[in-house]
Amino acid sequence: MRHPRHRGVNQDILNAARALEQGGLVAFPTETVYGLGADAENPRAVAAIYAAKGRPQDHPVIVHLAPGAELGYWASQIPPEAIALAAAFWPGPLTMILKRASNIDPAVSGGQDTIGLRCPAHPVAIALLQQFKGGRGGLAAPSANKFGNVSPTTAAHVREEFGAGGGVDMVLEGGQSEVGIESTIVDLSRLSTLGPVLLRPGQVSAAAIGQVIGRLPQAPDAAAPRASGTLASHYAPHTPVALLGTAELAEALRRLQGGTRKAALIYFSGMPPAHAAIQLPSNPDGYAHALYAALRDMDHAGADMILVETPPQGEAWLGVNDRLRRAAHGSGERVRALLASESNA
Ligand code: TXA
Ligand code: MG
């Protein structure tokens with residue numbers, strides 16, 4: 001895991017742990033995206049996260065644990081599947097939903113009887129969790145962005161979201177998040193009735209989970225708990241976004257030539273230049289790693305629309321396509337209307 005080592009990082013981590021113990025909010029790097037952390041056992045600190053993000057109170061947050069943490073402190077039922085998945089993927093980009101232990105305040109799970117648990121792999125996150133309450137605490141941490149915005153993958157992104165007076169006490173530096181999209185979420189809280197349920201795709205695939213527990217997690221049905229990461233519109237830039245097939249994109253760029261509107265472009269195959277453009281790697285891990293920074297950059301490019309070349313389909317691309325669909329939700333039609341009205345149409 002890459003992260004810049006600079007003088008004072010240990011003191012920063014100690015200061016951050018003390019601030020968290022006193023009920024403060026600290027943004028910290030994880031290998032997926034940056035999180036906005038608070039003591040999961042301090043309901044006032046957890047409420048402060050919701051206030052800073054502008055997020056509805058009934059949305060559950062993930063509790064981050066140090067390696068080797070006692071799962072039984074947080075969850076009331078720990079199926080063998082959970083133990084096997086933790087052994088296989090923790091520390092790493094997998095969140096498990098389990099039945100919440102009765103001693104844990106329902107505020108962290110938006111009042112639900114379950115809890116989301118994850119042990120992150122970033123060395124700064126691990127050091128922070130080991131310092132916080134001597135490694136026995138949990139940090140409630142949603143992604144460190146305002147509700148509905150693109151998740152941050154650098155400390156600079158976090159500062160962009162929460163400037164001075166934004167309610168965040170500290171931002172820990174940790175380089176660019178390696179994975180780049182949020183953790184896979186698997187719900188194991190209703191195994192006997194529903195089996196394992198994949199609530200959010202991520203780098204840990206359903207197939208990889210299935211190999212460990214002997215059952216392939218299914219997509220959620222309508223009865224699944226509300227998850228903000230599963231709202232149709234989420235992770236969205238302010239500029240309207242449309243996903244276009246490769247040929248459609250070439251045609252769109254032709255139409256825009258000599259027109260009045262400007263397009264920013266996110267592509268992976270060969271493309272003629274646009275007003276602003278970023279080429280992302282044509283492998284799913286590389287693409288995910290760079291995606292959110294690319295969306296932010298193109299959002300700042302002063303374009304009327306962001307055109308994204310639809311990535312390949314297939315299991316390895318599920319996480320990326322899921323986030324792009326949400327980024328384009330509700331704005332794809334607007335972009336198509338803009339394109340249709342261009343002079344070269
Ligand atoms: O990679 C990640 O998971 C990042 C980093 C910071 O760890 N965190 C993250 O948190 O993405 P957030 O709050 O932006 O998304 C957490 C998702 C939400 O969709 C939430 O509803 C779901 O996890 N979640 C958390 N606890 C849950 C529970 N008890 N039941 C169902 N969904 C839950
Ligand atoms: Mg989020």
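Which one of these does residue 158 not meet: (1) closer than 23 Å to residue 238 by Cα; (2) part of a loop (DSSP other than H, G, I, E, B); (3) among the hydrophobic types (A, V, I, L, M, F, W, C); (4) touching a residue at least 24 places away in the same chain (Cβ under 8 Å)? Failing condition for residue 158: (2). The set of residues in the stretch 5-59 being farther than 27 Å from residue 290 by Cβ, outside any helix (DSSP H, G or I) and among the polar types (S, T, N, Q) consists of 22, 42, 57.
A quick yes/no check of all residues on (1) at pLDDT below 95; (2) crowded, with 18+ Cβ neighbours inside 10 Å; (3) touching a Lys or Arg at 6+ places or on another chain (Cβ under 7 Å); (4) under 24 Å from residue 127 (Cβ atoms):
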position: 60; (1), (2), (3), (4): yes, yes, no, no
position: 64; (1), (2), (3), (4): no, yes, yes, yes
position: 73; (1), (2), (3), (4): no, no, no, yes
position: 76; (1), (2), (3), (4): no, no, yes, no
position: 80; (1), (2), (3), (4): no, no, no, no
position: 84; (1), (2), (3), (4): no, no, no, no
position: 93; (1), (2), (3), (4): no, yes, no, yes
position: 97; (1), (2), (3), (4): no, yes, no, no
position: 108; (1), (2), (3), (4): yes, yes, no, yes
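Residues in the stretch 199-214 that are within 24 Å of residue 59 (Cβ to Cβ) and away from ligand 1 (no atom under 16 Å from the Cβ): 206 only. Inclusion of residue 116 among residues that are within 29 Å of residue 296 (Cβ to Cβ) and out of contact with any Lys or Arg (no Cβ under 8 Å at 6 or more places or on another chain) is warranted.
Checked against (1) modelled with pLDDT under 95; (2) more than 17 Å from residue 105 (Cα to Cα); (3) of a type in the set (S, T, N, Q); (4) within 13 Å of ligand 1 (Cβ to nearest atom), residue 10 passes all but condition (4). Within the stretch 115-155, being among the polar types (S, T, N, Q) and under 27 Å from residue 236 (Cβ atoms) holds for 143, 145, 149, 151, 153, 154. Of the residues making up the stretch 172-198, those that are more than 14 Å from ligand 1 (Cβ to nearest atom) and within 30 Å of residue 18 (Cα to Cα) are 173, 175, 176. Evaluated against (1) out of contact with any Gly (no Cβ under 6 Å at 6 or more places or on another chain); (2) closer than 28 Å to residue 29 by Cα; (3) modelled with pLDDT under 95, residue 233 falls short on exactly one condition, (1).
The values are calculated or read from the model by the stated rules, or taken from the named source; none is laboratory data. Bear in mind that the values here come from a model prediction, so they are computed numbers and not experimental data. Cβ atoms come from the backbone with ideal geometry, glycine included; neighbour counts cover every protein chain shown.
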